[in-house]
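Undergrad: Structure incoming, see below.
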Amino acid sequence: MPELKQLHISHASAVWDFELANRAYFAASITDRGDDFFDRFTERYHALPAEQEAGICAFHVLVAEDGSVLGRFNLVDIEDGTAQLGYRVAQHVAGRGVATATVRELCRLAPARHGLRTLRAATARENLASQKVLTKAGFVLVGPADPADLGGRPGAWYQRDVTLHR
């Protein structure tokens, strides 16, 4: 059974494999991370624990029984009880409820583990799968997103009060 874990330095190789194997799949619906991300992966990855320690981000990976990464679920820009949620799941598990179940789990964990009350997530207009995940996980549409927030794509912001149990 897959397990949601706080990102650790030991996940680096599995995260690299996940990002590389799914790059083209992700680029079809969300902003591509770009060559610089892959060229500087090790340097950037090793900076993530400091961001977690500072309390400004909380990075999670969904790990399969074999140790491979099935998804990444990140809470970023944590401030005043609010964070932005970003997530991506591997192509081979997409459409199976993995993202929805994991977003729901993260919503349950967010208040106690990270002191959060509200989660926000932006999705591109054409990313219907992500919109479905968010609405199934209890998020509501709150308004348009600046295309600059979505790699130049038009989209919308969704929000959920995580202090309410759903």
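Undergrad: Among bridges DSSP assigns within the chain, what percent are antiparallel (round to 5)?
TA: Working: 29 of 32 bridges.
Percent antiparallel among DSSP bridges in the chain is about 90.
Undergrad: Gaussian network model of the chain, Cα springs within a sub-10 Å range: biggest mean-square fluctuation belongs to which of R88, R117, R33?
TA: R33
Undergrad: Run the numbers for F37 and E3: contour at 0.36 nm per residue of separation, minus the present Cα-Cα distance, in nm.
TA: Details: separation 34, 0.36 × 34 = 12.24 nm, distance 2.56 nm.
Answer, rounded to one decimal: 9.7 nm.
Undergrad: I've got another one for you. Based on a Kirkwood Rh over C-alpha pairs, give the Stokes-Einstein translational diffusion coefficient of the chain at 10 °C and viscosity 1.306 mPa s in µm²/s. Before the final figure, lay out the partial values.
TA: Values: Rh = 16.2 Å.
Answer from the Stokes-Einstein relation: 98 µm²/s.
Undergrad: Measuring from a point 7 Å past the Cα of A129 along Cα-to-C-beta, which residues in region 17-52 have an amide N at less than 12 Å?
TA: Within reach of a label on A129: 22-30.
Undergrad: Moving on. Taking only complete DSSP H runs, can you tell me which helices of the chain stretch 15 Å or more along their own long axis by Cα positions and average at least -1.0 on the Kyte-Doolittle scale? Write out the running numbers ahead of the final one.
TA: Values: long enough: 12-27 (21 Å, 0.29); 41-53 (19 Å, -1.16); 98-114 (22 Å, 0.15).
Helices meeting the span and hydropathy rule in the chain are 12-27, 98-114.
Undergrad: Moving to a separate point now. Please work out how much length the chain gains when fully extended from E65 to V142, using 0.36 nm per residue of separation minus the C-alpha to C-alpha distance, in nm with one decimal.
TA: Details: separation 77, 0.36 × 77 = 27.72 nm, distance 3.68 nm.
Gain in length upon complete extension: 24.0 nm.
Undergrad: Next question. What percent does the relative contact order of the chain come to when contacts are Cα pairs within less than 8 Å and at least six residues apart? Please report the intermediate quantities before stating the final value.
TA: On the way: 262 pairs, mean separation 31.9, N = 166.
It comes to 19 percent, rounded to a whole number.
Undergrad: If the elastic network links every pair of Cα atoms under 10 Å, which of V61, V133, V93 fluctuates the most in the Gaussian network model of the chain?
TA: Ranking V61, V133, V93 by mean-square fluctuation puts V93 first.
Undergrad: So, in nm, how far is label A47 from label S10 when the simple model puts each one 7 Å beyond its Cα toward the Cβ?
TA: Distance between the two pseudo-spin positions: 2.6 nm.
Throughout, read-outs are computed from the coordinates displayed, never taken from laboratory work. In this text, all values refer to a predicted model and were calculated from it rather than measured experimentally. Don't worry about glycine lacking a Cβ; one is built from the backbone with ideal geometry, like all the others, and counts go over all protein chains shown.
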